[in-house]
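Participant: Before we start, here is the structure in question, set down as structure tokens.
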Amino acid sequence: MRWSRLPRPAILAVGLALGAAVTGGCWLIVSLSGGAASSTEKTVGTSGTLTLADSSLSFLQEGGGCTGLNGYSDIQRGAQVNVTGADGTLVATGELEGGKEAALGCEFPFTIEGIPQGSKFYTVEVSHRGGLTQIEDELRSGGLAFTLGR
């Protein structure tokens, strides 16, 4: 059979049918395999604090807020908090909230949502200050505590 002898509408109909069959087959494979990872992947969240434990490392602002000074100027509201999986891949990010004066110094809370489950362990790092390594249950329970100074 020669395609060139078929009328143009017949060729278009065959192409449309083949395209629909391929699209349907791909849809079937994705749905049988559990769907797209982003829509079915289960996640956890965590929270914690970073404390600048030496008064010379932070500046107190009016209203009780504080921010890092000198070599700690990266420690402030909006500083990035990264979570990497066991393979070193970045899996989630968050940021420091505003610093508040606390008994030990200047304390910056953070919360991170959307951490994919299933890694052997996770490393949580604030700015470039080194990370805490946690297993999933530890992440889920929150209460991560970073301290800089003293």
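The values are calculated or read from the model by the stated rules, or taken from the named source; none is laboratory data. Everything numeric here is computed off the predicted structure, so don't read it as measured data. Methodologically, a virtual Cβ is constructed for each residue, glycine included, from the backbone with ideal geometry; neighbour enumeration extends over all protein chains shown. What goes into the accessible areas is simple: the full protein's heavy atoms, side chains included, and nothing from ligands, DNA or RNA. Shrake-Rupley method; radii C 1.70, N 1.55, O 1.52, S 1.80 Å.
Participant: Out of the residues in region 77-96 that are open to solvent by 80 Å² or more (accessible area, probe 1.4 Å) and not basic (Lys, Arg), which is farthest from Leu50 (Cα to Cα)?
Facilitator: Here the answer is Asp87.
Participant: Determine whether region 90-108 contains at least one residue that is in contact (Cβ under 8 Å) with a residue 40 or more places away in the chain, of a type in the set (Val, Ile, Thr) and closer than 20 Å to Thr43 by Cα.
Facilitator: no
Participant: Can you name the residue in region 112-131 that is in contact with a helix residue (DSSP H, G or I) (Cβ under 9 Å, 6 or more places away or on another chain) and assigned to a strand (DSSP E or B) and, of all such residues, is surrounded by the fewest Cβ atoms within 10 Å (Cβ to Cβ)?
Facilitator: Pro116
Participant: Out of all the residues in region 98-111, which are at pLDDT below 95, over 14 Å from Asp54 (Cβ atoms) and open to solvent by 60 Å² or more (accessible area, probe 1.4 Å)?
Facilitator: Of everything in region 98-111, just one residue is at pLDDT below 95, over 14 Å from Asp54 (Cβ atoms) and open to solvent by 60 Å² or more (accessible area, probe 1.4 Å), namely Lys100.
Participant: May I pose another question? Does region 22-42 contain any residue that is in a strand (DSSP E or B), loosely packed, with under 15 Cβ neighbours inside 10 Å and at pLDDT 80 or above?
Facilitator: no
Participant: If you go through region 136-150, how many residues are of a type in the set (D, E, K, R), part of a helix (DSSP H, G or I) and out of contact with any Phe, Trp or Tyr (no Cβ under 9 Å at 6 or more places or on another chain)?
Facilitator: 2
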